[in-house]
Amino acid sequence: MSRYGIPIWTTAPRWQAISSSGTIGSRMIINDSELQFGELAYECRIVVFYDVLGWRSEIIDAGNDPRRIARLAGLVRMFSPSVLNVTEKIEGAHFTAFSDNVVFSVPYNSDQFAATLQSMALTQIALASAGFWVRGGITVGDLVHDADIVFGPALVRAHYLESERAKYSRFLIDPVLPPDASLDETFITTTDGESFLDPFYPSFIDGLRGRLPPMGETHRNYERATGIKLQPLGQTFSSDYVLKLIIHRLTRELMASTNVAALAKLAWLFDHISARRGSTMRARHIINNLIDLGNE
């Protein structure tokens, strides 16, 4: 058993160990007419599931305001295959999005695993800069994923990590991974036995400036799909600019939120990023000041 109290698997989870001729399979398949598309096997894939924290509140707060609705639409379009174009960039990659729920997967190998982690770290930075706080789970396991469908034990696992374990705005990495899946990256933090992406380091963000073009393909696709003109990365993509922007957005949300659960999640991220910047400012200072002002 894992420390989460759920089964640990290597190549196949416990629930895949039942033969197709067993009683469970017999109950599921009445006759071969149900196999109109033929038989299908799972593939070992890197699987990422994530969504946006507070999405329901974002929808409610937007109301019928055209500008706020357009902002939400911009996020959803950002997740569209026509913008990301991942299936053409990465061999075997697939991407499925519904509203704010996103599944990304790619055939597993150790090099691709490291590249996927870095890609998700960049995604987290980009969305946080826009004021969207994502939470996700990352695992390796059995999945069926193509342009039309996605399902399998690894998706169940990734969703479990996101919804039950990650808690805050972070990508939690499965503690059960193939032996050659390295977590030896500067943008990964391990605390209390939990490893998660931690891209809020100045060195990580500044390092991206040398590797990203001033106007990438994804950037152009996004502008074509949304009609929103973005500033070239070369003008804005410095660690000082990005981290200040994220802290500013978090501060505004901490001041506006009245939801205790949401405040705790925002406060965790604020404190985490503030510490990375070397600041002693903490979310409680903002919240306590608001309480003091309200009592005057």
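The values are calculated or read from the model by the stated rules, or taken from the named source; none is laboratory data. Not measured: the values here are computed from a predicted model. Neighbour counts are summed over all protein chains in view; Cβ atoms, including those assigned to glycine, are modelled from backbone coordinates with ideal geometry.
Take the range 9-66 and flag every residue that is in contact with a Phe, Trp or Tyr (Cβ under 9 Å, 6 or more places away or on another chain), assigned to a loop (DSSP other than H, G, I, E, B) and modelled with pLDDT of 60 or more.
Scanning the range 9-66 gives LEU53, GLY54.
Going by the conditions given, is VAL83 in the same structural domain as VAL156 (by TED's automatic domain parsing) and at pLDDT below 90?
Working: in the same structural domain as VAL156 (by TED's automatic domain parsing): yes; at pLDDT below 90: yes.
Taking the combined requirement at face value, the residue satisfies it.
Got a number for residues in the range 107-122 being touching a residue at least 60 places away in the same chain (Cβ under 8 Å) and either in a helix (DSSP H, G or I) or over 20 Å from ASP184 (Cβ atoms) (or both)? Before you say what the answer is, go through the steps one by one.
So the first thing to find is which residues in the range 107-122 are touching a residue at least 60 places away in the same chain (Cβ under 8 Å), and the list is 107-108, 110, 112-114, 116-118, 120-122.
With the extra rule that they be either in a helix (DSSP H, G or I) or over 20 Å from ASP184 (Cβ atoms) (or both), the set shrinks to 107, 110, 112-114, 116-118, 120-122.
Selection size over the range 107-122: 11.
Take ALA147 and decide whether it is under 17 Å from ILE90 (Cα atoms), modelled with pLDDT under 90 and either of a type outside the set (Phe, Trp, Tyr) or surrounded by fewer than 17 Cβ atoms within 10 Å (Cβ to Cβ) (or both). Even if it seems obvious, please write down each step before you answer.
Numbers: under 17 Å from ILE90 (Cα atoms): yes; modelled with pLDDT under 90: yes; either of a type outside the set (Phe, Trp, Tyr) or surrounded by fewer than 17 Cβ atoms within 10 Å (Cβ to Cβ) (or both): yes.
For ALA147, the condition - under 17 Å from ILE90 (Cα atoms), modelled with pLDDT under 90 and either of a type outside the set (Phe, Trp, Tyr) or surrounded by fewer than 17 Cβ atoms within 10 Å (Cβ to Cβ) (or both) - is met.
Would the range 240-255 turn up any residue that is modelled with pLDDT under 80 and either assigned to a helix (DSSP H, G or I) or farther than 16 Å from SER129 by Cα (or both)?
So the first thing to find is which residues in the range 240-255 are modelled with pLDDT under 80, and the list is none.
Checked the range 240-255: no residue is modelled with pLDDT under 80 and either assigned to a helix (DSSP H, G or I) or farther than 16 Å from SER129 by Cα (or both).
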